[in-house]
Amino acid sequence: MVAVGYTLMCEQTGPKELVDYARRAEDVGFDFEVISDHYYPWLDSQGHSPYAWSVLGAVAHTTSRVDLMSFVTCPIRRYHPAVVAQKAATVGLMSDGRFTLGVGAGENLNEHVVGAWPHVQQRHDMFEEALQIMRSLLDGETVTYSGSTTTCRRRTCGTGRTAAYRSRWPPPARPPARSPASTRTA
């Protein structure tokens with residue numbers, strides 16, 4: 001069966017409008033909605049870049065049927081993987097299990113805001129460690145991890161896992177792949 005989706009473009013639209021567009025997209029029959037997670041707009045003239053995760057929370061609350069997905073979040077620089085897992089768990093609960101976590105190794109435009117941008121091999125190493133941490137946290141484990149690039153000490157997602165939301169727990173993670181190395185990591 002073909003599913004038709006709607007993309008909520010954070011770099012082109014303000015947060016209130018995005019929530020309204022999401023509700024309207026569900027009303028007219030779209031099957032899923034994805035949201036870009038960018039710190040900067042692609043072009044200065046676009047003028048927007050609201051925090052995608054706040055918008056996702058509002059969209060999860062205002063919709064009831066469409067599947068939702070981050071498209072994509074980078075868990076290696078701007079966000080720590082433990083924080084990404086907590087966000088995903090929270091939106092998964094708020095959406096009654098309609099959320100999929102889309103993650104990737106990032107790009108310079110949106111991730112360099114917190115420091116120098118690492119070379120592709122280092123990013124892939126960081127991404128592999130991030131995936132291990134996030135999967136363990138989303139499986140409900142208490143995580144202590146000390147890798148070559150990332151650490152996490154006695155962490156849990158802190159969102160609880162009530163039976164009402166277990167139908168799609170944990171939120172599935174979908175890493176995109178643009179190169180052979182990314183495909184192996186995914």
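The values are calculated or read from the model by the stated rules, or taken from the named source; none is laboratory data. Since the structure is predicted, the reported quantities are computational estimates derived from the model, not experimental observations. FYI the Cβ positions are ideal-geometry reconstructions off the backbone, even for glycines, and counts take in every protein chain you see.
Based on what the data block shows, is LEU101 part of a strand (DSSP E or B) and either modelled with pLDDT of 85 or more or closer than 27 Å to ALA3 by Cα (or both)? Yes.
Taken together, the residues in region 81-117 that are touching a residue at least 40 places away in the same chain (Cβ under 8 Å) and touching a helix residue (DSSP H, G or I) at 6+ places or on another chain (Cβ under 8 Å) amount to 20. For region 1-19, residues that are small (Gly, Ala, Ser) and in a loop (DSSP other than H, G, I, E, B) total 2. Being out of contact with any strand residue (DSSP E or B) (no Cβ under 7 Å at 6 or more places or on another chain) and in a helix (DSSP H, G or I) is the filter here, so list the residues in region 20-51 that pass it. Of everything in region 20-51, those that are out of contact with any strand residue (DSSP E or B) (no Cβ under 7 Å at 6 or more places or on another chain) and in a helix (DSSP H, G or I) turn out to be ASP20, ARG23, ARG24, GLU26, ASP27, ASP44, SER45, GLN46. One residue stands out among those in region 115-161 that are among the basic types (Lys, Arg) and not in a loop (DSSP other than H, G, I, E, B): the one that is farthest from ARG78 (Cα to Cα), which is ARG154.
Yes or no, residue by residue, for (1) more than 17 Å from the chain's Cα centre (by Cα); (2) of a type in the set (D, E, K, R); (3) surrounded by 21 or more Cβ atoms within 10 Å (Cβ to Cβ):
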{"position": "ASP20", "(1), (2), (3)": "yes, yes, no"}
{"position": "ARG23", "(1), (2), (3)": "yes, yes, no"}
{"position": "ASP31", "(1), (2), (3)": "yes, yes, no"}
{"position": "VAL34", "(1), (2), (3)": "no, no, no"}
{"position": "ASP44", "(1), (2), (3)": "yes, yes, no"}
{"position": "ALA52", "(1), (2), (3)": "no, no, yes"}
{"position": "GLY57", "(1), (2), (3)": "no, no, no"}
{"position": "ASP67", "(1), (2), (3)": "no, yes, no"}
{"position": "THR73", "(1), (2), (3)": "no, no, yes"}
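All conditions but one from (1) surrounded by fewer than 23 Cβ atoms within 10 Å (Cβ to Cβ); (2) farther than 20 Å from TYR39 by Cβ apply to ILE133; the one that does not is (1).
Selection of region 55-93 for residues being over 29 Å from TYR145 (Cα atoms) and assigned to a loop (DSSP other than H, G, I, E, B) yields THR63, SER64, ARG65, VAL66. Only residues that are among the polar types (S, T, N, Q), closer than 19 Å to THR150 by Cβ and in contact with an Asp or Glu (Cβ under 7 Å, 6 or more places away or on another chain) were counted across region 94-130, and they come to 0.
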